[in-house]
Structures are given as structure tokens and as C-alpha cells.
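**Student:** My questions will all concern the structure given below.
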């Protein structure tokens, strides 16, 4: 949605995205020793949010811009990881906030 007047411009949008077969970089072993991340399929992820921005120009040579965003990304499934011994372990993340996503 966009609005425009003599002294302002405003925009707002909402989104909802359902990812399937989402990849996540998972560090194998202690991160402090520089182990590389391995990509793993963590199943489905649901993301929804809104973004808005406003540019206000009350008079010549002055403008004020502001924006805001809200993002909610959650895992829909648990995933499994395998250690160096070949043992598979379930990682319970269903319903939790996705790693490295702003909120």
C-alpha cells in the first residue's frame, strides 16, 4: 500500500512465506576452533511480517525518514543431525524462532 500527499510519502507491506526444505548452516563441533558450517535441511519454516516507511517533508530543504519492520520466522518441523560416529539425533526446534533472523 502506498500513500502520497503534498508533504509526505508512506508505504506499508505485509508478507507470509512458507519455505519447504529450508537449509541452515550448522557448525560441526566447537565453533571456537574454526570448524566450517555444513548445510542441513531443517524442514519447513513459516515467515510472516510487516514493513512500513514514512518520508515527511514539512518544508523545503528538510525531510524526515523513518521505517520499521517486524519479522516472525519459526521452524515448523524438528530436524535430525548426525555426529561423527554416525549417530542420528533429533533436534527439537519446531515452533522456535529461526536462527539468525531478526525479530
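**Student:** Just to be sure I understand, how many residues within region 46-78 are in contact (Cβ under 8 Å) with a residue 12 or more places away in the chain and not in a strand (DSSP E or B)?
**Tutor:** Selection size over region 46-78: 3.
**Student:** Filter region 52-91 for residues that are under 24 Å from the mean Cα position of the chain (by Cα), surrounded by fewer than 10 Cβ atoms within 10 Å (Cβ to Cβ) and under 25 Å from residue 20 (Cα atoms) and give the result.
**Tutor:** Within region 52-91, just 90 meets the criteria.
**Student:** Now, a different point. Is region 28-48 home to any residue that is surrounded by 11 or more Cβ atoms within 10 Å (Cβ to Cβ), more than 30 Å from residue 82 (Cα to Cα) and touching a strand residue (DSSP E or B) at 6+ places or on another chain (Cβ under 8 Å)?
**Tutor:** Looking through region 28-48, at least one residue is surrounded by 11 or more Cβ atoms within 10 Å (Cβ to Cβ), more than 30 Å from residue 82 (Cα to Cα) and touching a strand residue (DSSP E or B) at 6+ places or on another chain (Cβ under 8 Å).
**Student:** Give me the residue from region 94-103 that is at pLDDT 90 or above and under 18 Å from residue 25 (Cβ atoms) and, out of that set, surrounded by the most Cβ atoms within 10 Å (Cβ to Cβ).
**Tutor:** Selected residue: 97.
**Student:** Considering each residue of region 1-27, count those that are assigned to a strand (DSSP E or B) and either under 23 Å from the mean Cα position of the chain (by Cα) or surrounded by 11 or more Cβ atoms within 10 Å (Cβ to Cβ) (or both), and give that number. Steps first, answer last, please.
**Tutor:** Applying the first criterion (assigned to a strand (DSSP E or B)) to region 1-27 yields 2-4, 8-19, 23-27.
Next cut, either under 23 Å from the mean Cα position of the chain (by Cα) or surrounded by 11 or more Cβ atoms within 10 Å (Cβ to Cβ) (or both) only: 8-19, 23-27.
Of the residues in that region, 17 qualify.
The values are calculated or read from the model by the stated rules, or taken from the named source; none is laboratory data. Only a predicted model underlies this, so the values are computations on that prediction, with no experimental measurement involved. So basically every Cβ, Gly included, is an ideal-geometry build from the backbone, and we count neighbours across all protein chains shown.
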